[in-house]
Structure formats: structure tokens, C-alpha cells
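Read-outs: derived from the displayed coordinates by stated rules, not from any lab. None of the values given here were measured: they were computed from a predicted structure. Positions of Cβ are generated from backbone atoms using ideal geometry, with glycine treated the same way; all protein chains shown enter the neighbour counts.
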């Protein structure tokens, strides 16, 4: 069976990755590739349409992390189908519009890549069939919107708006995570079908108030509900195509989507009714009122979006079947007229150079077609008859007038509905009057004119839909509305009529009163106030800035007290924290007391190794001020640890420890080259006493804990299971290597990733590091009395040993980690003998690319097992019949081990080369003549100055 849902979800992400390889392509080619994803997605969705309209639910299930209940489950019902259609259809129109909107200096691949990432994230939220998976895509929408809002990153308002949106919605995402985990605890599953069928269980739980509060916190922050609505107007710093998409089909609609999705599980209580309806009503009025006083076209539309989102939230809060239908209907209507209005505002900005209504006016004479489109969409937003907004507004009025139960709440909701109508008409009238009528335009730096023909097509399509739904609702939107609403209500789906005329009734009278009141309010405000002189500052923005300033001040104060640049102080706090964390279970009584048993007898050789180890450690403490001597003695301690591993029959660990000692000793020697030969003595006896006490406590604590772990009575040790499963399941006799590349392969993948990142951090910190003047050595460099040919001869020999250890690692001591370190040793010697410049000029190897290739190879080899429907990094085995050689057993883990090999070698050599090539300060270059110009590093491609 063709994986249609997987293809539907993958299309935007694949196209986003393709943007990376289209840097040199023309803008038109980039736009076509970007548009292909939503267009192909609509074809996939069209294939599913007959099944969805018949009430079927399409599913795709794949195991991911079943231990925590996270499975890759996709689910397409009527609600998901409706939202996916909005995301893809409006996304395709936004791509077409953005092709003409973006300036020449804007990076089209970067913009469309982020937009497609945004689209795929929203699709994931919509069709996720597992709450944890939905949460993953939920956070991806916050991340992708951050990138889009801050697209013009050189602008202060764009950076601030992006940070604000990420902080608010990210915090809401954390709250939603808590709510989802509580739902999983109550229901016992994160499967969406199970959760939706467990509404009575959730509502009856004592954790229900906490669940509702946490989930609503995530929903309200994403959908810009009061009191966290203030981030949305500041997101207008994004390019207008982003604003059109964000306000109509993505991001803010994710909140109301989740409210609709979880409605069967959470709705039906007084708490839900009062909280959701109350917050929705406040947001409805607050957004509409503030919209009246905005001077920026996008600012006015942003506050109107807040108001309409409050309307949708209020409808779902009412929870009656018809209120839910009205909420779904208004989601569809709002998406069409709001996307067209933002695009129209972008056209006005594009062709006039401003969005300030105080400088606009009379644009109908210069841009008649754009004006007609924008006016029609604005009338739809105001709820004027024969347009789609009128139908859902009448549904809202009907439900507001028909609230049972609490009389005061019914009066409040009805009053809020009437005020919403008044305010909505008022801000819509201001948008139309001050932009397309009256005097103007004023102080423009260009003559307004119509945009390119194809730039208007997305607006025309959306406005045509507004008219078609308003005139022929039963023929256009009825199937979509029924599919979306029935997915929420199920058997409670009410009967309703999508007709233009329902006679003279109370909702119609309220609508007429709202229209007349809105006109009167706007004209009255114009007569009584100078709207152009009113500047409303965002209290939420000021509060957010104050909060961030306080947090930064506290963080700076804490950092200055804890980490003031003193390495000793940082280490003391780190060790004390580790001591506290380790001692807490024992001091609190939550851990059983330590019970020690007599260990096995230690032979004389073991005691000798232990005595040498202790002597090296003590002598290191005694001579720590003499850095070189202390380092050599500490290397002796490392050698003893290696011999202990040999004594305990652990050759893999012994080899690894020995090679790590060799490489780290050389790296530390290079580091000591930039430090004084002796460390300064401590001046304060109290500090010495403190350090001694902390060191003794840490050493004794770790020693006792290690001794207790190694001597505690065991049942069936895990090592026996590893020994039994290594050969039949992972096809390897070297159990240590099997654990690293198979049983705990994901841990190893994380470790090599961290190792590669650490090497890159060293590169980033040291590539521009400069020596202090007193560190620059005058005179010729020191030459070691070792023939250069000897060092060169060692490399092929060591390479042979390295390959041998790598190939035998799955069945004998060796493996990728050991082989990578072995290969680094001869190059390390050449660096010491011949210098970095000489080695790199002949070796010509890019260590950064080696790290990247290694991670890619490890990831691909691990993911290949998924093609055979088994878990990530599961080993396979094949016996190859090689001519003249015979049968050669080959395990798939060798691919993963190859990645480990490359990362370890590349990371070690990158750190080594960076430590060996720190440059003198720029001010001494000309005076001392210690640097050669034009010498390009082969490891990074950077030009040495």
C-alpha cells in the first residue's frame, strides 16, 4: 500500500532540504520547487477526499520510541483534512505571492526553505495521531516561525518580534507538555483515538483542573489569547507573505486547532465553559478595540486577528454542537479573508513604500483593482451580507443569544457579541476609508500603481472564495464544514442550514445594530478625536521587555558571583553540586544504606599497580605548580589505569585508555606551551583549606560509591545477557564492541556527536586566538633531533595497524574508536617534529569535513535498518564469498563503526592542529615577522594571515 500520509507530511520537508542546494538558481526556479510541495500535497489530499467525506479515518502507524509511548502515528479525519487543505492551498498561494514580493537582496532559498519547514511543521500538528508526536511538531512551528519572523534579521523590530514570539509560544509549549504527560498518566496512552474516547475518564480525574490549565496555557499562547496576546502584533515585522500565512492557516490557527481536536476529551464541564468562554470574550473585545486605533495596515489586521481568534475560542468554549459548527465555519472564513487582506496590505506596501494609513488615502484612483479586492475582503471581515464572514457571524449571534444556565453569563456573552460587531465594523471602516478614500496619498517617494498581474492572482482567488461562500454556501463550503465539524462532534452533529436568508430574526437584528453602531462609532471617533494623533503603546511589550531586563540583570549578577572568570571557583561549584546530587538520596533516606561485602583477594601484582597509581596521584598533588612535571606524573597514573584494565582482562578498555592517554598528553603539552611553566601559589590559606576539604570529600565520596557498586550483591548480571546475545543477534564475538555499535549504539552516536561538536568549538574558539606579546618567542623555532623521514615512515605503518584494528574490532579487541586514535598518533608526532604548516601542506586533509562525513555515515548506516522494519542501528549480517579469499563474514555495524572512526580521527586532529597553530597578536606581526602570509590551512580552508 502506498504510504500517502507519509508522503503528504514529507513533501514540505523534502522541498525545504532542496532549498539548500538551490543557492545559485534563479528566483523563478526556487519558487517553482517551493510551490511543488503544496501542490503535490493537494493532489495527495484529493486522493483521500472521497474516503474522508464518507467519514473514514486514514491512519499510518510506525514504531518510534514505544517505551515512552511515542509512536510515529499519522491520522487523517475530517478536521485534519480540512486544516491540511487550508495549510497547503493557502501555502501554495503564499509561495506565488512571495515570488513577486521579495526584494532582489532577499535570499529566496532561505525564505522558501523556512516557509516550507513551517508548512511541514503545521501539517505534522494537524495529522499527528499521537499527542507526543503532535507536541514535537508543535515546537517545530514555534522554531520555524521564529526563523520567519526574524527573516530580516538586520532589523531590530524583526529580532525583537522573533524573540518575543519564541519566548511566549515556547513557554506555552512547555505547559502543554505537562498537560499531555498528565493526559497520558490518566488515560494510559498518548494515542489520539484512545485519548478522544476517554473524555469521561479525563473529566472525572482529580488531575483534570491541572490538565485543563496546562493544555489551555499552550493553546492560548499559540493563538494569542489574553493576556499573552501582545506577541502577535510584533510578529508583523516578518515579511508580509509570512504574516498572511501565519494569521490565516498556520501558527495561530494551531492553537484553535488543538482546542477543536481535544474538545471531545476536555469540554463538557463548567470549568471549561467559564475559562475558555471568558478568555475568548475578553480577547474578542480587546483585540477589536485596539484594532481601531492602529495606524499600520498590518497592525490593524493583527489586532483583528486576535479578535477573531477570541471569537473562535469563545465559540468552542460555549461547547454546544452548533457553537462548535460555527467555530469550525469561522476558522475557514477567517483564513480566506485574512490571507487576502494581508496580501493586499503587502501589495500596498510594495507599491507605495508605506503601510501607514496616515500617509495613504485615495488609492482607489491609483490602484483600482487592488482596492476593489481589498474592500471586498474587508467587508467579509466586517460580516456584511453576501460574503462568507456574515454567515459565521450570524451563527455566532444565534449561539450567543441561546445560552442556557447562568443568566449573567448569557447577558455578558450577548453583550460581547454586540460590541464585537460594532468594533469590527469600525476598524474595517477605518481600514477602507483611510486607505482607499479621502485625501492622499501624502509624502510618498513613488507614484502608486498596480502590482504585477501574477502577484494579484492569490488575492483574487481568495476574494472569489469569500464571495462564492457568501452567495452559494451550500454548494461550496458545506462538505468541508460537515467533515470538519463531524470529526469533533461525532454522533452529536446537529442539523443546520447554510442559507443566505433566515428571515427577520434576532441574530439579523443584532447584525444590523452592530453595523449601524460600527459606522456611528467610527464617525464619532473621527469627529471627537484625532485618530492620527493617538499612539497606543503596547503594555504587554513593555512588560515583556521589563521581564527580560530583570532576568538578564539577575543572570548577570548570578554569573558574576558564581562564574567570574575564575576557573577554581567554577570547579568548586561544579564539584559541590555533584556532591550534593550524589549525597541527596542517602541523606533523605530514599536510598537503601550501603552494604559492603568482602571483595575477592587481590594478588601481589594488583597491589603493586595500586601503589604506583596512588604514588603518582599523590606526587601530582605535591608538584602541581610545576605543570610539565605534574603532567608527566599524571600520565603515569593513566598508564597504571591501563595496566589495571589489562590485569582485569579488558583489552578493549586498556587499548582505549592507553591511546587516550597518549593523545591527551600531547594535547595538554601543546596547551602548556601557552601557559607559564609554574602556576602561581595560592595567596589565601583559607582557599587552600577549602580546596583540600572539597577534594577529599569528592574523592572519598566517589571512592565509597564506586566500591559499594562494585561489591554489592548481584542477582543475574546484565553482562551474562550481553554475552549470550552478542553473537546470535549482533554477529560479533567482541562483546564490548557489540555493546557500543549495537546494543547501546544510540548512546555511541550521541557521544561521537558531542565529541565532534567539542572539536568544532575548539576550532571556533582558537581559529582567531592571538598570543599575548610576552608569549611570542623570538629567534628560530626549536627543532627536535628526530629525522623527518622517520616520522613520515611511521604513517603508512600506523595506518596499516589502524585499519587492522578497525576491521577486527567486531570480533576481537579493536574498533572504530581505537583505530581512529591509533591513526592520530603518527600525525601527532609529525606535528611535534615538523610543525603544523609542513604537515598540513603535505597531508592536505580537511578535519572538519571528516567529522561531518563521519556523522553522516554513522547516521545513514544506522537508519538503513529502518528500511527492513527494525529499530535504528539494528545489526545485520551477510557472508560474502570472495574469490581467492573464501567466505568473509560481514556485519552491518561496520558502517556505523566507520563513522565512529572518521569522527574520532577528525575531532582529535582538529583539536591538535588548532592547539598547534595559535597565532601571535596582529600588532606584532609586522614588527617580529613571525607569520607567513598566503598560507592556506587545508583543515579549514581559511587563509592564515
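The listed peptides 644-654, 475-485, 288-298, ordered by packing as a protection proxy, come out as 288-298, 475-485, 644-654 (highest mean of other Cβ atoms within 10 Å first).
Specify whether the C-alpha gyration tensor of the range 1-266 places it in the rounded, prolate or oblate class, a ≥ b ≥ c being the square roots of the eigenvalues: rounded for a/c under 1.5, otherwise prolate if a/b is larger than b/c and oblate if not. Note, shape of the range 1-266 comes out oblate.
Angle of helix 685-711 to the longest C-alpha principal axis of the chain, folded into 0 to 90 degrees and rounded to 10: 90°. From most to least packed by mean Cβ count within 10 Å, the peptides 191-200, 325-334 give 325-334, 191-200. Centroid-to-centroid, using Cα positions, the range 634-701 and the range 168-182 are 44 Å apart. In terms of its alpha-carbon gyration tensor, the range 37-191 comes out oblate; a/c meets the 1.5 threshold, while b/c is at least as large as a/b. Helix 297-318 against the longest principal axis of the chain: what's the angle in degrees, Cα atoms only, rounded to the nearest 10? It is inclined by approximately 90 degrees. For a test of the definition: using alpha carbon positions, the gyration tensor, and the 1.5 limit on a/c, classify the range 601-679 as rounded, prolate or oblate. Oblate. Enclosing the Cα atoms of the chain in their convex hull gives a volume equal to 242 cubic angstrom per residue. Helix 208-222: angle to the longest alpha-carbon principal axis of the chain, degrees 0 to 90, nearest 10? Long axis of 208-222 versus the principal axis of the chain: about 80 degrees.
Kirkwood radius, the range 618-746, all distinct C-alpha pairs, inverse of mean reciprocal distance: 18.4 Å. Highest mean packing comes first when the peptides 63-71, 906-914 are listed by Cβ atoms within 10 Å, giving 906-914, 63-71.
Counting neighbouring beta carbons within 10 Å and listing from fewest to most, the residues 456, 253 come out as 456, 253. For the pair the range 306-327 and the range 17-55, the centres of their Cα atoms are 31 angstrom apart. Relative contact order for the chain: 8 percent, from Cα pairs under 8 Å spaced at least 6 residues apart, divided by residue count. Averaging Cα coordinates gives a centre for the range 328-396 and one for the range 255-292; these two points are 25 Å apart.
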